Amino acid sequence: MALPEELEAAAAAAAAFAGPGDRLAGVVPVEPIAERLYLVAFSAGEEPSGWLVLDGELEPVAERQRVRDAASIAALVEYAEDVAAGGDLDDLRAQLVALRLTENPPGLDEAEQALDDLQAELGSPPRVATPERLDRVGAATRRLEVALGGEGGSPFAAAMKASGEAVQAFVSDVELGYKLPLS
């Protein structure tokens, strides 16, 4: 089954857990440890109203650690995708084009290729959040940073290190708003 169909099936299965006034806000496919899970968000109006994780058989997960793992990798991958190369790849592309037209410095081809590679890695939704994906986005971002002359510390790595509290807060929100008791 293709990923869009998997997500539709997960959404349909999760609907049974919606409370009064809840609507399905999203389904994020994750593979924290070689097991496909689906992190499901519910909302009531504009506010989040609950969370659920479904396993590959579309059954609800009640084990706290599996829920934490699913929420953690979903948050980390989303954050990595958002901050990769400063977060605005289209603007960076426009800057590189302008630089090519005005100065055309050496190394510009490598920077454009690194940007192409990062954009290809990011792809378009839907995507499965995995530790390997996180690593690939980080590696592609670092190649771009180096191609742009960033031989020192990595802004991407610094941003990812700084995300720890936000990721933990998200995981806590998922646990606190979980639709089922966790063991």
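The values are calculated or read from the model by the stated rules, or taken from the named source; none is laboratory data. On a predicted model such as this, the values are computed, not experimentally measured, just so you know. Because the Cβ atoms are built from the backbone with ideal geometry, glycine has one as well, and the counts that use them run over all protein chains shown. Heads up: the accessible areas ignore ligands, DNA and RNA and are worked out on the full protein's heavy atoms, side chains in. Shrake-Rupley method; radii C 1.70, N 1.55, O 1.52, S 1.80 Å.
Points to keep in mind about this one:
- Candidates are the residues of the stretch 99-118 that are touching a residue at least 24 places away in the same chain (Cβ under 8 Å) and open to solvent by 60 Å² or more (accessible area, probe 1.4 Å); the one that is nearest to I33 (Cα to Cα) is D117.
The rows are residues; the columns are (1) on the phi > 0 side of the Ramachandran plot; (2) among the small types (G, A, S).
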| site | (1), (2) |
| --- | --- |
| A10 | no, yes |
| A13 | no, yes |
| D22 | no, no |
| A25 | no, yes |
| L37 | no, no |
| A44 | no, yes |
| L58 | yes, no |
| V67 | no, no |
| A71 | no, yes |
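- Any chance P155 is open to solvent by 70 Å² or more (accessible area, probe 1.4 Å), farther than 12 Å from R64 by Cα and touching a residue at least 60 places away in the same chain (Cβ under 8 Å): yes
- For D22, the conditions (1) more than 27 Å from F156 (Cβ to Cβ); (2) at pLDDT 95 or above; (3) touching a strand residue (DSSP E or B) at 6+ places or on another chain (Cβ under 7 Å) all hold with the exception of (2).
- Some residue of the stretch 79-96 being buried (at least 16 other Cβ atoms within 10 Å of the Cβ), within 30 Å of G21 (Cβ to Cβ), aliphatic (A, V, I, L, M) and modelled with pLDDT of 90 or more: no
- Selected residue (criterion: nearest to V53 (Cα to Cα)) from residues of the stretch 73-95 that are charged (D, E, K, R) and assigned to a helix (DSSP H, G or I): E78
- Residues that are part of a helix (DSSP H, G or I) and open to solvent by less than 60 Å² (accessible area, probe 1.4 Å), drawn from the stretch 120-145: E121, L122, P131, R133, L134, V137, G138, A139, A140, T141, L144, E145
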